[in-house]
Amino acid sequence: MDIKVLIIEDEPIARQNLKGMLHNLFPEITVVGETSSVKDSVEFLQTHAGDDPLAPDLIFMDVELSDGNSFDIFKQVTVTAHVIMTTAYSEYAVKAFEAEALDYLLKPLDPESMKRAVGRAKERLAVGEPARIINPRERLLIRLNDQIVPVEVRNIAYFYSEAKNSYLVTFENKSFVLDDSLDTIEGNIDPNLFFRISRSCIINEQAIESMGKLIGGRFRIALKKDIDACTDLTVSRARADAFINWMER
């Protein structure tokens, strides 16, 4: 089975080493493109999509690129190819898993890890399994000391920000600190399930018991029994009409 590969890597030596390893280990692989920046990668994927002969089946994607972070690529274009992340920094593992990358390889790359990753890609391509780049996210991976804790998004009652930090609270009243801002979170969760009631709070409709109308067209939300309110749950006046429309949909 022929496999078309796009290499996204901003270091020329690393790019040549990766190409050489792919050529030596996998004669069925053809490198159809090389990019070194978020901008060029987005342009390539937009130009070569669908049935285009240069549309990649598999992408080797370095994390740190010449003009930013490769995770920004997913925000600008739909990635339909399977993705294998390559980086020298293990701290990006959480984001790679959240983006549903097929595998995550630490530099310097070694042949055995490469064989494992490409083998997984070949298995999925052989059965026509689509890449699983999920948006909206179905789960978040939370750093907790030296552990990574998966939290299902549907089990989150609300998100809030306070003193320049962001948090989530589950229906079981477990609270976790987030790496991302509420702006980032809002763009990656299901808008049918969550609504941003103010600059500092995003709420799950399943957590809402009732709403009380306040002076000035605002609303105060009461949470369902056993869910603690760790922040102000007032719907801002600017968002009140949209909130009611969202609740009535």
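If you filter the stretch 109-121 down to residues that are touching a residue at least 40 places away in the same chain (Cβ under 8 Å) and more than 13 Å from His82 (Cβ to Cβ), you find that the one that is surrounded by the fewest Cβ atoms within 10 Å (Cβ to Cβ) is Pro111. Screening Leu182, Leu178, Leu223 for residues that are farther than 26 Å from Arg249 by Cβ and surrounded by 14 or more Cβ atoms within 10 Å (Cβ to Cβ) leaves exactly one candidate, Leu178.
Is at least one residue of the stretch 43-54 touching a residue at least 60 places away in the same chain (Cβ under 8 Å), buried (at least 19 other Cβ atoms within 10 Å of the Cβ) and in the same structural domain as Lys115 (by TED's automatic domain parsing)? Show your work before the answer.
If we filter the stretch 43-54 for residues that are touching a residue at least 60 places away in the same chain (Cβ under 8 Å), which is where we start, we get none.
No: the stretch 43-54 contains no residue that is touching a residue at least 60 places away in the same chain (Cβ under 8 Å), buried (at least 19 other Cβ atoms within 10 Å of the Cβ) and in the same structural domain as Lys115 (by TED's automatic domain parsing).
When Ala117, Ala121, Ala93 are screened for being outside the structural domain of Lys174 (by TED's automatic domain parsing), at pLDDT 90 or above, under 22 Å from Glu11 (Cα atoms) and in a helix (DSSP H, G or I), only Ala117 passes.
In the stretch 149-175, of all residues being exposed (fewer than 14 other Cβ atoms within 10 Å of the Cβ) and among the hydrophobic types (A, V, I, L, M, F, W, C), the one that is farthest from Ser236 (Cα to Cα) corresponds to Val149. For the stretch 4-45, name all the residues that are assigned to a strand (DSSP E or B) and either among the small types (Gly, Ala, Ser) or touching a Gly at 6+ places or on another chain (Cβ under 6 Å) (or both). Passing the criteria: Leu6, Gly33.
For the stretch 130-151, check the following and say yes or no: at least one residue is within 30 Å of Ile59 (Cα to Cα), among the β-branched types (Val, Ile, Thr) and not in a strand (DSSP E or B). Yes; the residues of the stretch 130-151 include at least one that is within 30 Å of Ile59 (Cα to Cα), among the β-branched types (Val, Ile, Thr) and not in a strand (DSSP E or B). Candidates in the stretch 1-11 are the residues that are modelled with pLDDT of 95 or more and not charged (D, E, K, R); of these, the one that is surrounded by the fewest Cβ atoms within 10 Å (Cβ to Cβ) is Ile3. Residue under question is Ile208, and the condition is that it be closer than 17 Å to Ser236 by Cβ and at pLDDT 90 or above; does it hold? Yes: the conditions hold for Ile208. Of all residues being surrounded by fewer than 22 Cβ atoms within 10 Å (Cβ to Cβ), touching a residue at least 40 places away in the same chain (Cβ under 8 Å) and more than 13 Å from the chain's Cα centre (by Cα) in the stretch 63-80, which is farthest from Lys122 (Cα to Cα)? Just the residue, please. Here the answer is Ser66.
How about the stretch 228-241: which of its residues are of a type outside the set (Asp, Glu) and more than 10 Å from Arg196 (Cα to Cα)?
Those that are of a type outside the set (Asp, Glu) and more than 10 Å from Arg196 (Cα to Cα): Ala229, Cys230, Thr231, Leu233, Thr234, Arg237, Ala238, Ala240.
Looking across the stretch 206-235, the residues that are over 25 Å from Val177 (Cα atoms), among the aliphatic types (A, V, I, L, M) and in contact with a strand residue (DSSP E or B) (Cβ under 8 Å, 6 or more places away or on another chain) come down to Met211, Leu214.
Taking the conditions exactly as written (within 24 Å of Val63 (Cβ to Cβ) and assigned to a strand (DSSP E or B)), does Tyr104 satisfy them or not? Considered against the rule, which asks whether it is within 24 Å of Val63 (Cβ to Cβ) and assigned to a strand (DSSP E or B), Tyr104 comes out as yes. From the list Asp179, Asp103, Asp190, the one residue that fits, being under 30 Å from Gly50 (Cα atoms), in contact with a strand residue (DSSP E or B) (Cβ under 8 Å, 6 or more places away or on another chain) and not aliphatic (A, V, I, L, M), is Asp103. Considering each residue of the stretch 160-178 in turn, at least one proves to be closer than 20 Å to Ser200 by Cα, assigned to a loop (DSSP other than H, G, I, E, B), in contact with a helix residue (DSSP H, G or I) (Cβ under 7 Å, 6 or more places away or on another chain) and aromatic (Phe, Trp, Tyr). Is the stretch 179-202 home to any residue that is of a type in the set (Gly, Ala, Ser), assigned to a strand (DSSP E or B) and closer than 24 Å to Arg137 by Cα? Scanning the stretch 179-202, I find at least one residue that is of a type in the set (Gly, Ala, Ser), assigned to a strand (DSSP E or B) and closer than 24 Å to Arg137 by Cα, so the answer is yes.
The values are calculated or read from the model by the stated rules, or taken from the named source; none is laboratory data. All values derive from a computational prediction rather than experimental measurement. Cβ sites come from the backbone with ideal geometry, for glycine too, and all protein chains shown count toward neighbours.
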